[in-house]
Amino acid sequence: MKTTKITFCLVSVLIITSSICVITSRSSSKFPKFNSNQILKEGDVLIEKGIHKNREHKKYPKKIKTDYISLAVKENRNNPASRVITIPVKRLHSLSDTPKAPIFLLDGGPGNSNLSNNLVKNMLWLLDNHDIVMVGYRGVDGSVTLDSKAFEEALMVDTNAFTESHFEKLGMVWKNELIRFKNEGIDIDGYNVIEVIDDIELVRNILGYNKINLFGFSYGTRLAYLSGLRYPESIHRSIIGGISPPGHFVWNPEITDAILKKYGDLWKENSLNLKRSPDIIKTIQSVFLALPEKWKKIDLDPGKIRVMMFNIMYKTSGVGKIFDAFVAAENGDYSGLALLVMMYDLLPEMENIVWGDLFAKALSSDYLSGTDYINGMNSKNNLLGAPMSKLFSLVSFSDWKIHMIPEKYRKLDTSYINTLMIAGNFDIATPLENTQKMIKYLPNGKLAIFSDYAHHDYSSLLTNTNSITMLKEFYLTGEVLSEDIIHTPAKIGEPKKSPQKMGKKFYRLKRLGLLKTIVKLFM
């Protein structure tokens, strides 16, 4: 879930990890606006010619011909009386005089935009042979945004975060938000993955494409896979990386702990690490068992620590810093773990998640009635577990009468789309184990496994010459070249930037009342 990916940004000058998340605008003045008096029907469209500014790649034009499109769509296609909303669509025109089938980019989420310049800036090489199309995600991009500042504020408690008592309070907040959405005329049942897929199909038709290619990452892989099931005649080829099969917006605590233990095995391969801790997994367990209530005036809340551990592990480069913080804590210095707590408390300043969109799409896809989403997501081994999956408990705590998507889209089924699957063995957000379950359901699929890759490490494939050649060739021929992909092996030794030093710097800024101000300046 950000797939979800829920992705969290860290300020570069205060960084302890290199997680990549870019705050971007959810709308742009470049997209044309319908007349406020116009009665819209689904399929109404406005197109404004413009340019996409390329500031990164000298090989490509600084100004790329681009269409900025506003499209009218039904809010809930299952309701004949549904109102019409609008979504933005961006199309970058191919540099070829005879372009092949276009490529629709599907970014991570739910709860994030599909129009980020960060998404397209490293993929301009696709323009050599294809148009690039980005369909705005309903609920985030366009006329309706399912923001929930009240829920975001309720997440910020001093202690007992992500406990049952916390979720009881969060459930009441979410219940009130559902009432607010309804009073504002929003039909929450219209914001699910199937409606997004139908938006994509509508765009394909309106732009006059016979078949389209898909490039999905994280949450976008769910959209790509289900598009192949729902509209098989419309899809030419599909590349999906960081794969989220049906049922896996919920993380499995045993799998996340198993990935942490894989890092523990890697730790033992370095003799310098062994001098610091002969068994880093046991170090983590013992620290959690003996965790004091406070470091200075910071509540060392284990829920906050685990949430931030999970998100920092979206990149392999972050794991060494987590381990360093636990080694220091075992030796009596808890400032590194206090840093994780302070980072959690800064999430409203650092992230741009549309919580209502996340819940509407993730829960309507994967919620299972009767599941214990609080205790069942705890680690049995006092390690990490799946803290973010506890968010699924909001359904029961808010008495939400959630409308699930059709059952056939909530389970794996055979898709014959020619698909290249990309997976990493250290991906905690979309584990390799889940991807391997899909293989038999994709008879025309090919799986490329990249060692020492975590969820956000896939971005390096978009700038690596060999991997770009592989991806371009797949779209053109359906074949996967057997070239070696150069990558840097994961290193989880002692980090150059100590989380303990950063924790003490954060604390001084916090005591001076400057921390949030400085973070806002850099975001």
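The values are calculated or read from the model by the stated rules, or taken from the named source; none is laboratory data. Here the structure is a predicted model, which means the values were calculated and not measured. Every residue, glycine as well, gets a Cβ built from its backbone with ideal geometry; the counts of neighbours run over all protein chains shown. In case anyone asks, the SASA skips ligands and DNA or RNA and just uses the protein heavy atoms, side chains included. Shrake-Rupley method; radii C 1.70, N 1.55, O 1.52, S 1.80 Å.
Filtered by the rule that a residue be out of contact with any Pro (no Cβ under 7 Å at 6 or more places or on another chain), farther than 30 Å from Thr221 by Cβ and in a helix (DSSP H, G or I), region 285-304 gives Gln285, Ser286, Val287, Leu289, Pro302.
Once region 382-430 is narrowed to residues that are out of contact with any helix residue (DSSP H, G or I) (no Cβ under 8 Å at 6 or more places or on another chain) and among the charged types (D, E, K, R), the residue that is most open to solvent (accessible area, probe 1.4 Å) is Lys401. All conditions in (1) open to solvent by less than 10 Å² (accessible area, probe 1.4 Å); (2) within 24 Å of Glu75 (Cβ to Cβ); (3) under 18 Å from the mean Cα position of the chain (by Cα); (4) not β-branched (Val, Ile, Thr) hold for Tyr344, with the sole exception of (2).
When each of Ile492, Ile439, Ile485 is tested for being assigned to a helix (DSSP H, G or I) and among the β-branched types (Val, Ile, Thr), the lone residue that passes is Ile439. Which one is farthest from Arg276 (Cα to Cα), of the residues in region 443-492 that are open to solvent by less than 70 Å² (accessible area, probe 1.4 Å) and of a type in the set (Val, Ile, Thr)? The extreme case among them is Thr477. Just one of the listed residues (Lys516, Lys496, Lys440, Lys520) is touching an Asp or Glu at 6+ places or on another chain (Cβ under 9 Å), exposed (fewer than 14 other Cβ atoms within 10 Å of the Cβ) and farther than 28 Å from His57 by Cβ, namely Lys520. In region 452-486, the residue that is modelled with the highest pLDDT out of those that are among the charged types (D, E, K, R) and closer than 19 Å to Thr221 by Cα is Lys472.
Inside region 453-464, can you point out the residues that are within 12 Å of Ile486 (Cβ to Cβ) and part of a loop (DSSP other than H, G, I, E, B)? Result: Thr463, Asn464. For region 120-142, does any single residue satisfy the condition of being open to solvent by 20 Å² or more (accessible area, probe 1.4 Å) and within 30 Å of Ser396 (Cβ to Cβ)? No, region 120-142 contains no residue that is open to solvent by 20 Å² or more (accessible area, probe 1.4 Å) and within 30 Å of Ser396 (Cβ to Cβ). Among the residues of this structure, Leu95 does not count as one that is touching a Ser or Thr at 6+ places or on another chain (Cβ under 8 Å), in a loop (DSSP other than H, G, I, E, B), at pLDDT 95 or above and open to solvent by 10 Å² or more (accessible area, probe 1.4 Å).
Please go through region 245-268 and pick out each residue that is among the aromatic types (Phe, Trp, Tyr) and part of a helix (DSSP H, G or I). Residues satisfying the conditions are Tyr263, Trp267. The residue that is farthest from Pro489 (Cα to Cα), counting only those in region 240-286 that are of a type in the set (A, V, I, L, M) and buried (at least 23 other Cβ atoms within 10 Å of the Cβ), is Val250.
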